[in-house]
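Worksheet: the structure to be examined is printed underneath.
None of the figures in this text is laboratory data; all of them are computed from the coordinates on show. Computed from a predicted model, the values in this text were never measured in an experiment. Because the Cβ atoms are built from the backbone with ideal geometry, glycine has one as well, and the counts that use them run over all protein chains shown.
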Amino acid sequence: MKTIWAPWRMTYIHEEKEEGCLFCKKPLEKKDEKNLILYRAKRTFVVMNKFPYNNGHLMIVPKRHCTDLEELSTNEFQELFDVMKISTQVLKTSLSPHGFNIGFNIGKAGGAGKDHLHLHVVPRWMGDTNFMTTLAETKIIPEYLNETYRKLRSVFRDLKQKRNPHERRR
């Protein structure tokens, strides 16, 4: 039997779980890099998944707390999908994936770990699943989160500047 070490997973296992809604609290802190927030739109924001399924795994989150699609206003719904399009463009530019898995996990039975609605955008590459996920139930993420954050953040900024040339950069 081979042993595979993934000590960074202990952070997730032992991390003290915060009270309240993570997706409501983190944007208020104004610590975007620390909180892995890449992009802020009027009604939604983009955040990297701290414990990703794959390199570049993003979540698009309504700023207003809601738990189901029916709770979204027409404007929130529209912006969520507009930002999804922007996010896939950024990932294509930055990481050159071959495809994407995009979707919602709604409710505990649907696999939702958080009760605040969010859309997952997971970049995929041909051959990104291998024997590790099948035999060892282990996923290999090939790059540190902060390195991926810097790559994606600069492309999000460039895109935002092109769309809103009069807006001041943060």
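Grouping the Cα pair distances of segment 30-159 into 5 Å bins from zero gives a pair-distance distribution of 2, 10, 20, 23, 20, 14, 7, 3, 1 percent in increasing distance order. Stretching the chain fully between Phe77 and His14 yields a gain of 19.2 nm (0.36 nm per residue, less the alpha carbon separation). Per-residue Cβ neighbour counts within 10 Å put Arg150, Arg157 in the sequence Arg150, Arg157, beginning with the fewest.
When peptides 35-41, 105-111 are sorted by average Cβ neighbour count within 10 Å, with the highest value leading, the order is 35-41, 105-111. By the beta-carbon count within 10 Å of each Cβ, the least crowded to most crowded order of Tyr144, Tyr53, fewest first, is Tyr144, Tyr53. Taken about its Cα centre, segment 30-159 carries a charge dipole of roughly 460 debye when the Cβ of each Lys and Arg holds +1 and the Cβ of each Asp and Glu holds -1. Straight-line reach from Lys25: taking Cα to Cα under 19 Å and skipping same-chain neighbours fewer than 8 places apart, the lysines in range are Lys17, Lys34, Lys42, Lys50, Lys63, Lys114.
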